[in-house]
Amino acid sequence: MSKVEKFKEIAKKMAETYERKNNDYGDSFSNSVNEFGLIAGVVRISDKFSRLKSLIVTKNEQKVNDESVKDTLLDMASYCIMLSMELDKE
């Protein structure tokens, strides 16, 4: 599989996850940005970055095992895309 094909596969999975989460949680990301401004998106991205640092850099013993490095990276990428979508609305 080429890198482009792999990228498309990952992006497709991200879109499917985005759709499922929006179904379950509503459009909470957009609602937060509408209420608090773009900084709300930055905060969510920052939270994921902190989680990533915890997993990779500090290597703390994890008490929550349901979010891997890969999950965290994909969530952060999704938040970046969602924030980009919010910018398109302005």
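Test Met85 against the criterion of being in a loop (DSSP other than H, G, I, E, B), out of contact with any helix residue (DSSP H, G or I) (no Cβ under 7 Å at 6 or more places or on another chain) and of a type outside the set (Lys, Arg), and give yes or no.
When the stated conditions are applied, Met85 does not pass them.
So Asp47 clears everything in (1) of a type in the set (D, E, K, R); (2) at pLDDT 95 or above; (3) loosely packed, with under 10 Cβ neighbours inside 10 Å except one condition, right? Which one?
Result: Asp47 fails condition (3) only.
Go through Glu16, Glu67, Glu5 for me and flag whichever is open to solvent by less than 80 Å² (accessible area, probe 1.4 Å), assigned to a helix (DSSP H, G or I) and not hydrophobic (A, V, I, L, M, F, W, C). I'd like the intermediate steps shown before the answer.
Working: Glu67 fails: assigned to a helix (DSSP H, G or I); Glu5 fails: open to solvent by less than 80 Å² (accessible area, probe 1.4 Å).
None of the other options fit; the residue is Glu16.
The values are calculated or read from the model by the stated rules, or taken from the named source; none is laboratory data. Every value quoted in this text rests on a predicted model; they were computed, and no experiment measured them. Cβ atoms come from the backbone with ideal geometry, glycine included; neighbour counts cover every protein chain shown. Note: accessible area is taken over every heavy atom of the protein model, side chains too, but ligands, DNA and RNA are not part of it. Shrake-Rupley method; radii C 1.70, N 1.55, O 1.52, S 1.80 Å.
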